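The values are calculated or read from the model by the stated rules, or taken from the named source; none is laboratory data. Treat the numbers as computed from the prediction; the structure is a model and nothing was measured. Neighbour counts run over all protein chains shown; Cβ positions are idealised from the backbone, glycine included.
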């Protein structure tokens with residue numbers, strides 16, 4: 001195979017504008033790809049969150065002192081914010097997961113329905129998050 | 001030039017290794033997590049401000065303990081499968097990939113065992 005003499009040198013490759021430069025002014029985001037990315041990010045965040053869930057239940061099993069230590073951190077302002085973010089991540093991942101199960105069953109593949117499902121998932125996950133906290137504090 | 005046929009070169013290079021097992025179990029655990037995680041997120045929102053005796057009494061109730069064990073089984077399993085896919089998609093180096101997957105699986109197994117043990121200890125213990 002002949003050597004390719006027109007290949008860019010590594011210095012030229014390094015000087016090329018890369019994707020963060022493209023995002024926004026040159027690259028238009030689509031709801032579909034953003035939601036797909038959000039599904040992965042929320043899934044990874046929830047996986048990390050399982051460590052905190054394990055610490056919660058282990059501290060409860062370990063005794064009153066351990067639980068008090070955990071509760072102090074969990075009920076701090078950052079703890080409450082994290083808990084609220086966790087609940088939305090879970091409910092978003094849950095709603096978009098159902099959207100994926102619908103696709104897996106062979107339905108709603110038309111572009112119109114893919115977008116409709118996307119808007120529904122965002123709206124329902126927000127409503128569910130608000131509802132969960134409203135009901136939790138009401139009862 | 002090799003005399004091997006394209007088919008003989010492709011044989012044994014399949015990517016899935018275990019067929020549709022992973023895909024199916026991810027969906028099955030997802031299905032289980034629809035009711036379980038809805039219940040769990042609501043319960044945490046409700047009980048995260050509870051004092052220690054209230055929290056213990058809640059976990060101690062048989063239905064709650066069983067639901068928590070089911071949730072932990074499904075959640076840690078689903079989580080391990082999901083993180084595995086992310087590692088397979090984004091880590092090209094084969095050694096890092098295999099090592100990462102092994103670490104993730106073992107960590108999920110350990111966290112699941114610890115969490116379920118903690119629930120059972122409270123459930124079987126005296127209040």
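Remarks
- The number of residues in segment A:27-48 that are assigned to a helix (DSSP H, G or I) and more than 9 Å from chain B (Cβ to nearest Cβ) comes to 13.
- The set of residues in segment A:80-93 being without any contact (Cβ under 8 Å) to a residue 12 or more places away in the chain and within 9 Å of chain B (Cβ to nearest Cβ) consists of A:80, A:83.
- Residues of segment B:57-85 that are facing another protein chain (nearest Cβ under 7 Å) and in contact with a helix residue (DSSP H, G or I) (Cβ under 6 Å, 6 or more places away or on another chain): B:59, B:76, B:79, B:82, B:83.
- Residues of segment A:54-72 satisfying the condition of being more than 7 Å from chain B (Cβ to nearest Cβ) and closer than 22 Å to residue B:79 by Cβ: A:55, A:56, A:59, A:70
- Scanning segment A:94-125 for residues that are without any contact (Cβ under 8 Å) to a residue 40 or more places away in the chain, within 14 Å of chain B (Cβ to nearest Cβ) and closer than 30 Å to residue B:49 by Cβ gives A:94, A:95, A:98, A:124, A:125.
- Unmet requirement for residue B:107, which otherwise passes all of (1) touching a helix residue (DSSP H, G or I) at 6+ places or on another chain (Cβ under 6 Å); (2) modelled with pLDDT of 95 or more: (1)
- For residue B:53, the conditions (1) within 8 Å of chain A (Cβ to nearest Cβ); (2) surrounded by fewer than 17 Cβ atoms within 10 Å (Cβ to Cβ); (3) under 23 Å from residue A:67 (Cβ atoms); (4) modelled with pLDDT of 95 or more all hold with the exception of (1).
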